[in-house]
Amino acid sequence: MRKRRLSLIAGVALAGLTLAGCSPASESTDTANADQVEVFTWWASGSEKVGLDALVGVFNEQYPDVEFNNAAVAGGAGSNAKAALASRLEANNPPDTFQAHAGAELTDYVAAGQLQDLSSFYADNGLNEAFPATLIDQLTSDGKIYSVPSNIHRANVTWVNISVLEDAGIDPTVAPADMDAWIADLQKLKDSGVSTPLSLGTEWTQMQLLENVLIADLGAEDYSGLWDGTTPWDGPGVATAVDHYGQLLDFVNSDYVGLDWDAAMQLVLDGNAGYNVMGDWAEAAFAQAGQTYDTEYTTWATPGTDGIFDFLADSFTLPVGAPHETAAIDWLKTISSADGQKAFNIAKGSIPARTDAVAADYPAYQQTAIKSFSEDTVVSSLAHGAAAPGSWSADLSSAIGKFGSDRDGDALISAMVAAASSALG
Amino acid sequence: MRKGVRNWGPPLLLVSPTIIILGIFVYGLIAANIQVSTTNRHSLSPESDFVGLENYVALLNEDRFLHSLFNLVMFTVVFIAGTMLFGFIWAWMLDKGVSAEGIFRSVYLFPMAISFVASGVVWRWLLNSAEGDRASGLNRIFESLGLGFLQNAWWNEPIWGMAAIAMPAIWQLSGYVMALFLAGFRGVPQELREAARMDGASEWKLYRYVVFPQLSPIALSALIIVSHMSLKVFDLIMSITGSIYQTEVPATYMWVTLTSNDYAKSATIATILLLLASLFIIPYLIQTWRSEKANR
Amino acid sequence: MTVTEEAPPAARPQPASGLRTPKPVRRFTMGRTLKYALLIVFVFVVLIPVYVLIVTSFKPPADVTASTSWGLPVRWPWESVAPGGPTGFDNWTGAWTALAPALGRTFLLAIPAALISSFIGAMNGFVLSRWRFPHADIVFTFILFGMFIPYQAIMTPLVQMKTSLGLPSDISTLLMVHIIYGLPICTLIFRNYYVSIPMELMEASRMDGAGMLRTFASIVLPLSVPGFVVTIIWQFTNAWNDFLFAMFLSDTGGGPVSLALNNLAQGAQLANYGTAMAGALIASLPTLLVYIILGKYFIGGLMSGSVK
């Protein structure tokens, strides 16, 4: 009797082990099949997945012999994927290509020697002409380019609720000329009874707002200089920006700390706030709420940043040691082609990196963005990995979050100076 | 105890897999962690040099880390006070035997079954900081009950914010402390209580001078368990606020540094956490060992 | 005075329902009424989050507003706000779709982890309390320390070990991890529990010529059921609810339900509270059931432990 119980327990335990061992591995790489490309992204749901599917459709048309192997990792807005990717790269088991934000976020990978230089790819495929010159500048580090952008988002967009502004006697069609003018308008809104003129959310949205203010107060060239050390962080330009940012914080919702960006945007959608500064993926929120451009809402370049396009881009790389390099290059060709970019961006709500895109194909907001991208000066977004590598932006994020609590401008500036010096060495 | 390999060989052999496994996965990995913390590997590149205690010195002088320690202390104090208080009160109330004691006990205990992630989903909403018109969660209920003055920013409060985060933790673990104390209460021999009653002691005096003193070993155990859980708190904070400055504790700071590929710094933070935990654990382990020896 | 060996000491070998609950005295004094009132108030307070979870999970997104936060749903779960729009039930189906694969995987993780670490813990406990060897106390302390360490202290090298060994980011890796780190607590529980088995039984068994394993299998194991109940429940709950190891060592495609739930609640581009709350309920259901059905034995084990 007792022996039976013992063997019963042992049997169940053994069965459990076997069952667990049988669970399928989550990453299936079939290196036997040479004509496949493993594409590693965090586009596992929502409009991003729709975009990826559209891209795959074009890829299958252009390269019918190559099989697409989807290695998307969900969760954490990419942080889970980045963690998984770091493990794979360290174990010398890279995917054929992986998604990353174009720009400085790639610095870590480049420094570790994990990415291949794509300058010749750009030359061979005419990308140096197809992409705007200022974008190529931002993508080039030490004379080399390490990724191919599939889509461009703009981060210096202010979303405006038309009726809230009109009720307070502000003209929603004309953007204020600079920060001071905008702050005056915000005050006007507040005086007219709107308790939250400007809505704001958690740390990265705060970082994005500060970046907009920095661009407005420093201008494109000096702002870009922050990231290579030519513009001092303790200079007068930054001091003005910090001061303006502090003033803006007086007009935001009291529960902004830890509030998701879409919950913050909801205040504008519901008419509880007049403005929100957000990247243009917010377009999806307005579309979903059934609002129409120039009827219920409109957009401007954030006051003071007119003529500047604050870019962030999803892009694809070519890792060193990619198992199927030819197939990976095929994939890169697709995403940089006119058809590929059109399919992807219409589905995802962003705009193509190519200047030969036909604006009429795209919805109303995107048309304004396309026009701006082709005419304006392009600068890199801090909040989205284009301007600064991961650890630098993490340090800044924490300092900005702290500023939200204690409003100590001097502490913020010294923290930013310290972050810059530890990042730039 | 009988001498001879034939007598102690088999038991030692039986427990040796555990010894070896823990030797590697606890002690070995701790050593590996300490080793990484003494290097300067702050990026994806595998090259690193030995830098001694440089990372520790830097961290202990860093405002951000000190702030996270402050948050941790605040959280721990409130968490311990809350669970001990409620656990004790519930156990005391249930000690004398009430009808449906089983139901009360089960209700107080069940939050323990829920994961911090799941409870974070609802507490995030309950502790929402919006006040007045846009209030939801607890603020809204205060408003409707006419207790509007109780509305506050919860975990957004500058100094006391972490006390709000302790609330879900208290909710989940008070039942467990209650079970421990109830065991303690029931463990006081009836004869002792009878004797005290016969000596004319009132119920209150009975509790104060007979029962409570017997509870001190339990209180100590509960204190140790609850405080070591509090040092580890990670899931709850990630689930309620994500990793932001206001609610940063060493454990979440470590997550941030690891995802920024700063291996040395995250190892340093982890080692400091271990040292803090050891302040509690080691005295307790020594005491356990001594009392075991005394009992042989 | 013996220091109480902490969490959760298991019940002595005695009838399962043997809780020494004193009989309630039925005198309705002012004090007793007050006590009952307080107990009931606490019940309500403890159940507030559950109320919120249930009520919100049945509200379609448009109905989840600040002003209606505490109210019961204004419409039936099968009705939508606008025609063709999402309904309350959609929250549940959405949460289920998101969590179902992870749920199955988590059972495959939690059950074997509970069984295996309990069994090994029982053997360890036996050998550290009843069939001892020299310096068993030191070994016990050595093992016990592993229970208290903050797991962050071993996380970085553990992740690197996983990378260099090429272990998959799914529950097979987590199973190993939970078994390993569950050994200390299971050992502790059984060691405390076996203290109540009389040494005479061991002696008698030795005299009959039985060796260690025989004694364990034929005498000790049959008496161990209450101990197993405590360890299995505890380990199952731990493995089911764990988030730290899951986050560092697995991904949402192969990981347990805690990761999937976190992704559901935080990862979506446009948040849906109703779905998140439905998901929280679904993810908590198995452990809740375990506590409801087996809770009596678990509490019994917690309560009538070796407290002196």
Condition (residue is of a type outside the set (A, V, I, L, M, F, W, C), assigned to a loop (DSSP other than H, G, I, E, B), facing chain C (nearest Cβ under 7 Å) and more than 25 Å from the chain's Cα centre (by Cα)) applied to the stretch B:112-131: is it met by at least one residue? no
Does the stretch C:194-204 include one or more residues that are touching a residue at least 12 places away in the same chain (Cβ under 8 Å), within 11 Å of chain A (Cβ to nearest Cβ), over 29 Å from C:P73 (Cα atoms) and surrounded by 22 or more Cβ atoms within 10 Å (Cβ to Cβ)? no
Select from the stretch A:247-288 the residues that are among the acidic types (D, E) and within 13 Å of chain B (Cβ to nearest Cβ) and write down the one among them that is surrounded by the most Cβ atoms within 10 Å (Cβ to Cβ). A:D255
Which one of these does B:R290 not meet: (1) more than 20 Å from the chain's Cα centre (by Cα); (2) more than 9 Å from every other protein chain (Cβ to nearest Cβ); (3) farther than 30 Å from B:V51 by Cβ; (4) in a helix (DSSP H, G or I)? (2)
Select, from A:G235, A:G229, A:G193, the only residue that is over 21 Å from B:T247 (Cβ atoms), surrounded by fewer than 23 Cβ atoms within 10 Å (Cβ to Cβ) and within 14 Å of chain B (Cβ to nearest Cβ). A:G193
C:F119 vs. criteria under 30 Å from B:V15 (Cβ atoms) and aromatic (F, W, Y): yes
Checking the structure you have, find out if any residue of the stretch C:227-240 is part of a loop (DSSP other than H, G, I, E, B), touching a residue at least 24 places away in the same chain (Cβ under 8 Å) and within 7 Å of another protein chain (Cβ to nearest Cβ). no
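Listed here are the residues, each with its yes/no results for (1) more than 30 Å from C:A239 (Cβ to Cβ); (2) among the basic types (K, R); (3) out of contact with any Phe, Trp or Tyr (no Cβ under 6 Å at 6 or more places or on another chain).
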| position | (1), (2), (3) |
| --- | --- |
| B:M84 | no, no, yes |
| B:W92 | yes, no, yes |
| B:M112 | no, no, no |
| B:A118 | no, no, yes |
| B:L126 | no, no, yes |
| B:G132 | yes, no, yes |
| B:L145 | yes, no, yes |
Go through the stretch B:132-158 and give me each residue that's free of Cβ contacts under 8 Å to residues at least 40 places away in the same chain, assigned to a helix (DSSP H, G or I) and of a type in the set (A, V, I, L, M, F, W, C). B:L138, B:I141, B:F142, B:F149, B:L150, B:W154
Among the residues of the stretch A:333-349, the number that are buried (at least 24 other Cβ atoms within 10 Å of the Cβ) and farther than 15 Å from A:D53 by Cα is 1
Would you check if B:F86 is assigned to a helix (DSSP H, G or I) and either farther than 30 Å from C:A265 by Cβ or in contact (Cβ under 8 Å) with a residue 24 or more places away in the chain (or both)? yes
A careful count of residues in the stretch C:244-255 that are more than 11 Å from chain A (Cβ to nearest Cβ) and buried (at least 24 other Cβ atoms within 10 Å of the Cβ) gives 0
Would you mind stating whether C:L288 is at pLDDT 80 or above, surrounded by fewer than 22 Cβ atoms within 10 Å (Cβ to Cβ) and in a helix (DSSP H, G or I)? yes
For residues that are within 18 Å of the chain's Cα centre (by Cα) and among the polar types (S, T, N, Q), scanning just the stretch B:207-261, find the one that is nearest to the other protein chains (Cβ to nearest Cβ). B:S221
List pairs: first residue in the stretch B:53-80 and among the basic types (K, R), second residue surrounded by 15 or more Cβ atoms within 10 Å (Cβ to Cβ) and in a helix (DSSP H, G or I) anywhere in the structure, Cβ distance under 8 angstrom, at least six positions apart or on different chains. B:R64/A:S398; B:R64/A:K402; B:R64/B:Y253
Answer from B:G97, B:G148, B:G137 - the residue that is within 17 Å of A:S254 (Cα to Cα), within 12 Å of chain C (Cβ to nearest Cβ) and surrounded by fewer than 24 Cβ atoms within 10 Å (Cβ to Cβ): B:G137
Given the options C:A95, C:A113, C:A102, C:A136, name the one that is within 9 Å of another protein chain (Cβ to nearest Cβ), within 30 Å of A:A83 (Cα to Cα) and small (G, A, S). C:A113
Got a sec? Which helices (runs of 4 or more DSSP H) wholly within the stretch C:151-221 have at least 3 residues that are of a type in the set (A, V, I, L, M) and in contact with a Gly (Cβ under 7 Å, 6 or more places away or on another chain)? C:171-194
Among the candidates B:L29, B:L12, single out the residue that is modelled with pLDDT of 90 or more, over 30 Å from C:V41 (Cβ atoms) and of a type outside the set (V, I, T). B:L29
From (1) closer than 25 Å to C:L158 by Cβ; (2) in a helix (DSSP H, G or I); (3) away from chain A (no Cβ under 14 Å); (4) touching a residue at least 40 places away in the same chain (Cβ under 8 Å), pick out the condition that doesn't hold for B:I269. (3)
Candidates A:G219, A:G237 - the one that is over 23 Å from the mean Cα position of the chain (by Cα), under 16 Å from A:L382 (Cβ atoms) and assigned to a helix (DSSP H, G or I): A:G237
Across the stretch B:272-287, the tally of residues that are within 23 Å of B:V36 (Cβ to Cβ), without any contact (Cβ under 8 Å) to a residue 60 or more places away in the chain and either buried (at least 22 other Cβ atoms within 10 Å of the Cβ) or at the interface with another protein chain (Cβ under 7 Å from one of its Cβ atoms) (or both) stands at 3
Return a yes/no flag: does the stretch A:111-128 have any residue that is in a strand (DSSP E or B), crowded, with 17+ Cβ neighbours inside 10 Å and not basic (K, R). yes
Picking from A:D395, A:D408, A:D330, the residue that is free of Cβ contacts under 8 Å to residues at least 60 places away in the same chain and surrounded by fewer than 21 Cβ atoms within 10 Å (Cβ to Cβ) would be A:D408
Looking only at the stretch A:75-117, which residues are among the hydroxyl-bearing types (S, T, Y) and over 22 Å from A:I152 (Cα atoms)? A:S87
If only one of A:A81, A:A102 is within 14 Å of chain B (Cβ to nearest Cβ), within 28 Å of A:T140 (Cβ to Cβ), crowded, with 23+ Cβ neighbours inside 10 Å and of a type in the set (G, A, S), which one is it? A:A81
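Residues are listed down the side, and each one gets a yes or a no for (1) in contact with a strand residue (DSSP E or B) (Cβ under 8 Å, 6 or more places away or on another chain); (2) crowded, with 23+ Cβ neighbours inside 10 Å; (3) more than 15 Å from C:L285 (Cβ to Cβ):
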residue: C:F89; (1), (2), (3): no, no, yes
residue: C:T93; (1), (2), (3): no, no, yes
residue: C:A100; (1), (2), (3): no, no, no
residue: C:G104; (1), (2), (3): no, no, no
residue: C:A110; (1), (2), (3): no, yes, no
residue: C:I116; (1), (2), (3): no, yes, yes
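The values are calculated or read from the model by the stated rules, or taken from the named source; none is laboratory data. Computed from a predicted structure; not experimentally measured. Neighbour counts run over all protein chains shown; Cβ positions are idealised from the backbone, glycine included.
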